[in-house]
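The values are calculated or read from the model by the stated rules, or taken from the named source; none is laboratory data. It should be emphasised that the depicted structure is a prediction, and the values quoted were computed from it without experimental measurement. Cβ placement follows ideal geometry from the backbone for every residue including glycine, while neighbour counts extend to all protein chains displayed. The area values use the complete protein model at the heavy-atom level, side chains included, leaving out ligands, DNA and RNA. Shrake-Rupley method; radii C 1.70, N 1.55, O 1.52, S 1.80 Å.
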Amino acid sequence: MGGDVDVEYSDGRVRPLAAERWLRPIEGDGELLARCGGPTLDVGSGPGRLTAALARMGVPVLGIDITPLAVTLTRCAGAPALRRSVFERLPGTGRWAVALLADGNIGIGGDPDALLRRLRELVRPGGAVIAELAPPGSPSGVEWVRLRRGGQVADWFPWATVSADDIGPLARSCGFPFADQWNEAGRWFATLT
């Protein structure tokens, strides 16, 4: 997937996916990685930029992604990865210290409530979810999108956006009573515990 892949929205908007940015460190990754203090499940790990970085740091980590190429790239980067949906059976259920939702992956499945409830099952008692969010003032919501490249288009799928303004109530409703927010290099994050 290169820069010529676009995200098409059901209302007709189109924007470049710029997937190549996930192949190398992004400003703000350092602080994100520093907060992964134990066994970490990287949900929607893509090509494994963060999974591989955690492995190099000596943090037990597993990347999961539904895309075969993403899993292959993560493994080639020297990190463990499975082709699996977060909603399927996963190793380590109830024992992960951290579940990581970087790069807007809180949108996976188009239902942040269901995703966070699933992650509550996957992390151990006292465990955390670290999620990258849309900046304050951004609207939260669900949109139908599809990927397209040249004349090829994929199926439509739901994708959610969660604003930093809305994470507190959402987190509490999903079993995470505390949401500590921070921003780094123009990116917004929350640690849900």
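Annotations
- Of residues in the range 110-123 being more than 13 Å from W159 (Cα to Cα) and open to solvent by 20 Å² or more (accessible area, probe 1.4 Å), the one farthest from the chain's Cα centre (by Cα): E121
- Restricting G137, G107, G63, G126 to those that are small (G, A, S), open to solvent by less than 20 Å² (accessible area, probe 1.4 Å) and either out of contact with any helix residue (DSSP H, G or I) (no Cβ under 6 Å at 6 or more places or on another chain) or at pLDDT below 95 (or both) reduces the list to G107.
- Given (1) open to solvent by 40 Å² or more (accessible area, probe 1.4 Å); (2) part of a helix (DSSP H, G or I); (3) farther than 22 Å from S45 by Cβ, number of the condition L170 does not satisfy: (1)
- Within the range 1-54, the residues that satisfy the criterion of being of a type in the set (G, A, S), closer than 25 Å to P125 by Cβ and either touching a His at 6+ places or on another chain (Cβ under 6 Å) or surrounded by 14 or more Cβ atoms within 10 Å (Cβ to Cβ) (or both) are G38, G44, S45.
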